[in-house]
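Report on the structure given below.
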Amino acid sequence: MKKRNVVTLCLAITVVLALGFTFPAQGKEAYKYINWNKPKPMTERLLADKYILPKGWQKATKGVKELAFFNSGGLKHDIATAINMELFEKKTGIRMKALPLGSAYTFPKFLSVVTSKDPSVHIGFIRAEIEYAHVAAAGWAHPIDELWPPEVQKLYSPGLVDCINWGGHYYGGVNVVQWYVLYYRPSWLKKAGVTKIPETWEEVYQASKKCREWAKGNLGKDYYGFTFGATKAGHIHIAMLSALTYSQGGRTLKEGKINLDTPEFRNSWNYLLRMINEDVADVACLGYSWNDYQKVFGMGKAAMMLGYSVYAVKFAEFPEVTKDWAAVPPPKWDAKQPDSNRVGYINYDEYVINNFADDKHKAAAMLFLDFLRSKEACMYELLVEGNDSFLPAVYEDPNIVDKVDWELAKKVAKKIKTAEPKKMGITMPEVRAASAKTARIEALPPGATYVSDILSEYLGKTIMKKMDPDKSLKEALSKIEKFTH
Amino acid sequence: MKLRDSGYGMVLSVPGLVILLLWVLIPFSIVFIISFLRYDNMSPVIPTGLANYKTVLKDPALPLVLARTFIFSFGSTGLTLLTSVILAVCLNRIVKGSAFFRSLVVMPWAVPLILSGFLWAWMFHPSFGPIGDLLMKCKLMSEPLNIYKEASTAMAGVIIADAWRRIPFLTIITLAGLQSIPPNLYEAATVDGADSFHTLRYVSLPLASRPILIGTLITLMFSFRSIDVIYSMTPGGGIGKCTYVLGTYLFDYMYEFLNYGVAASISVILIILTFGIGAFFIYYTLKKG
């Protein structure tokens, strides 16, 4: 062989080898091997009674033995998550490892994982209103746009889909979802002379006032017309103020920035304070946690409350209201508005994928998130744990109770040492389904905790220092303005 | 003392010094360094000089936070001191069943502070707390008791809850001080015609003053940086932030606003203030001693 041919051959071999090494290194990410629309379209896979795994998942997750994720609290209090972990393990062979954390530490702990670029925890637990935007904006969460094509978005609550759309990308999956509904005590309303179930916030106010007046003379001075929670802890005052704002068609965000200087928010602020100032609701509401005010209603000390649908499950523990409660979708602001304005807030805890996890684990995590929003997973959240269904279609299935594997639920309950679940139907399915259609939540930008803190402070100051509500809101907004700009 | 002895002593002190270094100096240094960093989980971490301290010191809320902290810590310590001295004097005189009564007094000590907060939060709960219910049922109050709607009563509530958990410690310290007084001094006072009050005023309290002062100092320092009870009774500082103290201010920057730089600078300020109070009391005690 001529010297020139040898050189050419060597050069060719070098090029082939180099290409061989380069292409796999620059190959597509593992999760791209998953065809989310095969063997069936994504909507069909998700709506099936038994979740259908997408094509290519084995190749994408090859070698993944375990997925680690943060969970708020122990699994003992999260039977549906435990069941769904078990189901996912059965389907894929991937072991799910829950890392339980106290609710105050889920976010700081996830932050420590992502800021140190630690790939060992694959899924973080995030609260939608305060933490989601922070994680998305910082690039700590892996975008899962593949899971959210327009036809899939239509299956879910528009409020939720809007919330997880951050800068045109989607990052969130579901852990827990709960919609607001308006609870009331039919017997109390009747005795107080309220003949029409309130449909607007003004009607709620008038009915609550009548109930309070009647209660003062007949039940005691500590019985109120309306109760709500507005403590800073858990930002539940934001939930209440937002629900009132949304019912008027308003929003708390404008182009991704906090915007509270609106007539709708001002109305909401004044409404809440009016309830207390005019003795319709107890001043203690400003210090009530989500647990307190549902207990106040449960103990029969309030005629009405706006609370999450899941509270209904707990009323069985309170003999005062067990057989004397009812619920309707959240009120609209005024009678002229359409029923689409009967908007409540959503308690939405979500899972996001650690952007520093390796590709194969990201693929497995996407698969898990896809499973959790399916009909199969959602029915366990709704029927076994009593949360709401992320997928509203679950409410519409009349045979859903029989589709739950109750034996599996009992087995898991035993495993996590919690009470055995009782086979029962969906409580107030129509009300929940209606709330799911309109409910809303907004992912507030980073730093929103400070805004929440200011609002909480001024709500309290208005009452304690007997400030004019307009003046106190002006002061609060000026403080917020200084911080946000 | 020979130099060789002193060297031997130094060698023996090394393990203690190493532990001190690991336990105190290193964590404190880390906090101190972080206090000069912009570390807010939103932007890259960079040195920022005194900016975090300026943020804290220029915060218009700070004077109120400090005032509340002093009211809370001195209120809690004062209540603890008063109750502990009364209890210790009583326990010192009880002969029959003394072990039972002492165990009873010590019981709240076994309760973690955070639980004591939840316990008192429940007892004072405006809607289903037993204290308010009892007062209404006994016709002592016509309105439901809501300590949280007034700044002063909310503060009194958290002071009571904090003191309840601290009383056993100071009672035991005071009791130990009282029991170390030789009985012949009491006998001499009785011979001189002193009644119970005079014996307490001129014998018991002066002679037990040193342990009482030390116990008071420790109680004060613990109360000054306390957060558990306040957080569990009045999350976020209560309605209108009327119980918002330096500890909750620090907690918020750490766990709510996730601004570790500012949180570290608040920690440093808190440490300096706690040291200041401690130094004042130690100086006062030594001077008196």
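With viscosity set to 0.890 mPa s at 25 °C, what whole-number translational diffusion coefficient in µm²/s follows for region A:328-444 from Stokes-Einstein and a Kirkwood radius over Cα pairs? Roughly 148 µm²/s, to the nearest whole number.
Inter-part distance, region A:366-412 to region B:123-156, computed on C-alpha centroids, equals 44 Å.
Checking every one of the GluC sites (Glu not before Pro) in region A:253-336 against DSSP loop status and a limit of 10 other Cβ atoms within 10 Å picks out A:Glu255. Label sites at B:Leu115 and A:Tyr105, each approximated as a point 7 angstrom past Cα along Cα to Cβ, lie 1.8 nm apart. In region B:60-288, Cα pairs under 8 Å separated by at least six residues give a relative contact order of 28 percent. Inter-label distance, A:Gln153 to A:Met467: 3.9 nm, where each label sits 7 Å from its Cα along the C-beta direction.
Using a cut-off of 12 Å between beta-carbons, work out the net charge of the residues near A:Asp324 (Lys and Arg +1, Asp and Glu -1, A:Asp324 not included). Surrounding charge for A:Asp324 is +3. What the phi angles of region A:416-423 give under the Karplus curve with 6.51, -1.76 and 1.60, with θ = phi - 60°, is a coupling list of 8, 6, 10, 4, 5, x, 9, 6 Hz, glycine and proline written as x. Label-to-label distance for B:Ser13 and B:His198 is 4.9 nm, based on points extended 7 Å past Cα in the beta-carbon direction. Taking amide hydrogens as placed 1.01 Å from N in the peptide plane, the amide H of A:Tyr170 sits under 5 Å from those of A:Ile144, A:Asp145, each at least 5 positions away in sequence or on another chain. Translational diffusion of region B:127-281 was estimated from the Stokes-Einstein equation, with Rh taken as the Kirkwood radius over Cα pairs; at 37 °C and 0.692 mPa s the coefficient is 173 µm²/s.
Entry comment: accessible area of the protein assembly as shown is 46 Å² per residue, from protein heavy atoms only and a probe of 1.4 Å. Considering only alpha-carbon pairs that sit under 8 angstrom and 6 or more positions apart, the relative contact order computed for region B:104-235 is 36 percent.
Of the cross-linked pairs A:Lys97/A:Lys375; A:Lys32/A:Lys332; A:Lys109/A:Lys332; A:Lys154/A:Lys332, those separated by over 32 Å at the C-alpha level are A:Lys32/A:Lys332; A:Lys109/A:Lys332. Estimated from the Cβ-Cβ distance and a Förster radius of 35 angstrom, the FRET efficiency linking A:Asn291 and B:Glu150 is about 0.90. Short-range pairs are left out: with C-alpha atoms under 8 Å and at least six residues apart, the relative contact order of chain A is 25 percent. DSSP finds beta bridges in the protein assembly as shown, and of those with both partners inside it, around 65 percent are antiparallel. Each part gets one Cα centre, and for region A:58-94 versus region A:291-356 those centres are 30 Å apart. Projected over all directions and averaged, the alpha-carbon convex hull of chain A occupies 27.9 nm².
Shown for chain B: lysine pairs separated by 8 or more places, or found on different chains, whose C-alpha atoms are under 23 Å apart, numbering 5.
For the chain pair A and B, the buried solvent-accessible surface (1.4 Å probe, both sides summed) amounts to about 2700 Å². Between A:Lys38 and A:Gln58, full extension at 0.36 nm per residue minus the direct alpha carbon distance yields a gain of 5.9 nm.
So what's the gap between the Cα centers of region B:159-192 and region A:424-485, to the nearest angstrom? About 51 Å separates the Cα centre of region B:159-192 from the one of region A:424-485. Which entries of A:Lys254/A:Lys471; A:Lys91/A:Lys417; A:Lys221/A:Lys422 show an alpha-carbon separation above 29 angstrom in the structure shown? The pairs that break the limit, which is 29 Å between Cα atoms, are A:Lys221/A:Lys422.
The Cα-based radius of gyration of region A:166-287, divided by its Kirkwood radius, gives an Rg/Rh of 1.04. Between B:Tyr260, B:Tyr186, B:Tyr231, the residue with the greatest mean-square fluctuation in the GNM of chain B (Cα pairs under 10 Å linked by springs) is B:Tyr186.
The stretch between B:Lys58 and B:Lys96, if pulled fully straight at 0.36 nm per residue, gains 7.8 nm over its current Cα-Cα span. Go through A:Lys295/A:Lys423; A:Lys90/A:Lys414; A:Lys38/A:Lys59; A:Lys210/A:Lys465 and tell me which ones have a Cα-Cα distance over 20 Å in this structure. Going by Cα-Cα distance, A:Lys295/A:Lys423; A:Lys210/A:Lys465 fall outside the 20 Å limit. Computed from phi, the 3J(HN,Hα) profile of region A:44-61 under the Karplus parametrisation 6.51, -1.76, 1.60 (θ = phi - 60°) reads 5, 4, 6, 8, 5, 4, 10, 4, 9, 5, x, 5, x, 5, 5, 5, 5, 10 Hz, with x in place of Gly and Pro.
Just checking the listed ones, B:Pro144, B:Pro182, B:Pro47: in the Gaussian network model of chain B with Cα springs under 10 Å, the one fluctuating most is B:Pro182.
The values are calculated or read from the model by the stated rules, or taken from the named source; none is laboratory data. Values in this document were obtained by computation on a predicted structure and should not be read as measured data. Positions of Cβ are generated from backbone atoms using ideal geometry, with glycine treated the same way; all protein chains shown enter the neighbour counts. In case anyone asks, the SASA skips ligands and DNA or RNA and just uses the protein heavy atoms, side chains included. Shrake-Rupley method; radii C 1.70, N 1.55, O 1.52, S 1.80 Å.
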